[in-house]
Amino acid sequence: MNITNISLADLRAGESGRVLRVSGGWGVQRRLQALGIRPGSTVTKVSAPFRPGAIVVSAGGGQAALGYGVARKVIVEVYP
Amino acid sequence: MKKILLMGNPNVGKSAVFARLTGARVISSNYPGTTVEFTQGMLTLEGEKALLIDVPGAYDLEAASQVEEVAVGMLDEGDVVINVVDASNLERSLPLTLHLLERNIPVIVALNMWDDALHRGISVDVRKLEAALGVPVVPTVAISGEGIKELASRIAEARVPGQNKRSEQERWSEIGRIVSEVQSLTHRHRTFLETLGDASVKPWTGIPIAALLLVAAFVVVRFIGEGLIGIALEPLFESVWKPLMLRLSAFLGPGSLLHAIVIGKLVDGDIDFVQSFGLLTTGLFVPLGMVLPYILSFYVVLGFLEDFGYLPRLAVLLDTMMHRMGLHGWAIIPSLLGLGCNVPGILATRILETRRERFIAATIISIGVPCTALQAMIWGLLGRHGAGYVIVVYGTLFLVWALLGRVLNIVLKGRSPELIMEIPPYRLPSPRALTQKVWMRLAAFLKEAVPVVLLGVLAVNILYFVGVFDTLARWTAPVMTRVLGLPEEAVVAMAVGFLRKDVAVGMLGALDLTAGQLTVAVTVLAMLFPCIATFVVLWKQLGWADLGKSVVLMLASSLLVGAVLNVLVH
């Protein structure tokens, strides 16, 4: 099985992954949790901009937008 | 008196539940954070009056933003909590619910957007959820009123389930357990709205959609606004109101003080609704005949986009641009609201996390975002000289808005926080809710703006009579004439702009300016100083020190831009 660990910022649109870890401050972690992005949860990337910018993922039954800097702090294991 | 708190995540329909329970009219939209200030209303429960408080949305009880702090602070004051939960997204709603259940306060759950959940193939077993949470659960559809009666009648059953404080980990596993137990999903195809929702944030499709919507919004606002003026308001004023006013004018006798105040001056023996400047002529025509139609059309379009759920998607697309201005994508929403009226726009900056962001956002709104009243007058007067001039004004203000944000981002210490935002699903707006929202905003305009317009017209007449304006005009003459290329009397309009910008543009209309001069004048007027209502919220929001900085920026940037435009238009 081919598994790679990358950040949400590098995940391609349409790909899904399981969240391994979220770095960053407690406030950021807490807000991401509220949107269904926490270790163990499954996220699917909906959109990625042309250049580094905000992305949209679907997670926890809804969608969430993350700035590029935050997206880089979320490490996922890509589902093959 | 019993205090009932209405609590829930952002964008789960708390305000709609509030409106249903109290009969009060409140604004709700399809994006998180519509309620930044708490609203309260009365309701009668079993013959007893109770106070219902609509608490701003929060995801849990560990306050992060200014708005969430308000929510947590209010928990100590309440007697009962109605926890509004999104039935279509239990996983996201339950963290707050569990936090509440761990507190020593009676809770009842309103399982809202029940219809939406069913549409999306999500069904929730209410009995099992009641058993799992240990408090009453009532399915509701607040927007249509379904289930609200039952909710009200069962508030008395709310209770404290007496749950122990959980750790973060325990809470998540509990949520997982509850969701798998009470929720069942039926497979279904993706809906058109879901596909459209995703297309709106993907760059290849999202940017063209945004451009199309922007143009469409503009065309529709103009079409409805101009249509109403041409079909209804102008004929009404010209052929019904004017003959009446002419008779009144003859009765009062031109030249009397009362005539000057009520009718104003006659232009070639006739009433000119823009130039006469009497209370019953210009004082009524400007707010009702010129501005009101645009207020209506703007809020119909904005309300549709809000309730549909487009604004958060626009925020995603503009995130990179807004970062250059020290903000993130969210900050576009206060600026868009500011296009209607700066006051709600500046109030909406509370949703931004840091003081620095709030300062930048509020300042660029008050300088670079023209309100609908001002825009309507610009179209009405400057538009006669050709759309090109109006485009110059819009283009200049947009550049100022963007550049000022850029400069403040460079000058002010600190950096902009990152965007973390829920993207709500697209929902077809309910015509009833949309109509009500437009009506509330119109009523607010009629109630708050029209008296100020009348006061402004009255004040102008009296001050002219006293001669204050001549002195002011003499003092500021060098700036007006040399720097801005305007006649020295233009300063009077600028001063009146402090009361109402629409009245001020009306005064410029009476000055016989060239198209170029009018372009300079309305641009400076838009930037120079906010109207008094905006000034007050700006002060409340920023405090004296930052308000002072903001005012210096206004004066400096408006004079600079005015001087440059003056050179360019000649």
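Points to keep in mind about this one:
- Unique residue being in contact with a His (Cβ under 6 Å, 6 or more places away or on another chain), over 17 Å from residue B:284 (Cα atoms) and touching a residue at least 12 places away in the same chain (Cβ under 8 Å) when the list is B:515, B:490: B:515
- Residue list for region B:483-503, filter: of a type outside the set (Lys, Arg) and in a helix (DSSP H, G or I): B:483, B:490, B:491, B:492, B:493, B:494, B:495, B:496, B:502, B:503
- Checking residue B:507 against (1) buried (at least 21 other Cβ atoms within 10 Å of the Cβ); (2) at positive phi, the condition it does not meet: (2)
- If you check B:443, B:526, B:504, B:449 for being in contact with a helix residue (DSSP H, G or I) (Cβ under 7 Å, 6 or more places away or on another chain), among the small types (Gly, Ala, Ser) and farther than 24 Å from residue B:260 by Cβ, only one passes: B:526.
- Of the residues screened, residue B:118 is not one that is touching a strand residue (DSSP E or B) at 6+ places or on another chain (Cβ under 8 Å) and closer than 24 Å to residue A:36 by Cβ.
- Residue A:69 part of a loop (DSSP other than H, G, I, E, B), at pLDDT below 95 and either crowded, with 16+ Cβ neighbours inside 10 Å or more than 9 Å from chain B (Cβ to nearest Cβ) (or both): no
Each row is one residue, and each column tells you yes or no for (1) under 12 Å from the mean Cα position of the chain (by Cα); (2) more than 13 Å from chain B (Cβ to nearest Cβ); (3) part of a loop (DSSP other than H, G, I, E, B).
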site	(1), (2), (3)
A:12	yes, no, yes
A:18	yes, yes, no
A:28	no, no, no
A:45	yes, no, no
A:52	no, no, yes
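- Of everything listed in (1) under 21 Å from residue B:180 (Cβ atoms); (2) modelled with pLDDT of 90 or more; (3) more than 9 Å from chain B (Cβ to nearest Cβ), the single unmet condition for residue A:58 is (3).
- Matching residues in region B:493-503 - criterion: being crowded, with 19+ Cβ neighbours inside 10 Å and without any contact (Cβ under 8 Å) to a residue 40 or more places away in the chain: B:493, B:494, B:495, B:497
- Check on residue B:274, closer than 21 Å to residue B:459 by Cα, at pLDDT below 90, β-branched (Val, Ile, Thr) and surrounded by 12 or more Cβ atoms within 10 Å (Cβ to Cβ): yes
- Residue within region B:437-444 that is without any contact (Cβ under 8 Å) to a residue 40 or more places away in the chain, within 19 Å of residue B:278 (Cα to Cα) and aliphatic (A, V, I, L, M) present: no
- Here residue B:294 clears all of (1) more than 14 Å from chain A (Cβ to nearest Cβ); (2) at pLDDT below 95 except the condition numbered (2).
- Scanning region B:73-90 for residues that are hydrophobic (A, V, I, L, M, F, W, C) and within 13 Å of chain A (Cβ to nearest Cβ) yields B:85, B:87, B:90.
- Residue satisfying all of: in region B:315-360; more than 21 Å from residue B:412 (Cβ to Cβ) and within 12 Å of chain A (Cβ to nearest Cβ); surrounded by the most Cβ atoms within 10 Å (Cβ to Cβ) among these: B:316
- Within region B:274-333, the residues that satisfy the criterion of being part of a loop (DSSP other than H, G, I, E, B) and under 22 Å from the mean Cα position of the chain (by Cα) are B:309, B:310, B:318, B:325, B:326, B:327, B:328.
- Scanning region B:457-472 turns up one or more residues that are modelled with pLDDT of 90 or more and more than 23 Å from residue B:547 (Cβ to Cβ).
- Leading residue by the ranking (nearest to the other protein chains (Cβ to nearest Cβ)) among those in region B:398-441 that are part of a loop (DSSP other than H, G, I, E, B) and small (Gly, Ala, Ser): B:416
- Long-range neighbours under 6 Å by Cβ, at least six apart or interchain, first residue in contact (Cβ under 8 Å) with a residue 40 or more places away in the chain and outside any helix (DSSP H, G or I) within region B:363-377, second of a type in the set (S, T, N, Q) and buried (at least 24 other Cβ atoms within 10 Å of the Cβ): B:371/B:342
The values are calculated or read from the model by the stated rules, or taken from the named source; none is laboratory data. All values derive from a computational prediction rather than experimental measurement. Ideal geometry is used to build each Cβ from the backbone, glycine not excepted, and the neighbour counts take in all protein chains shown.
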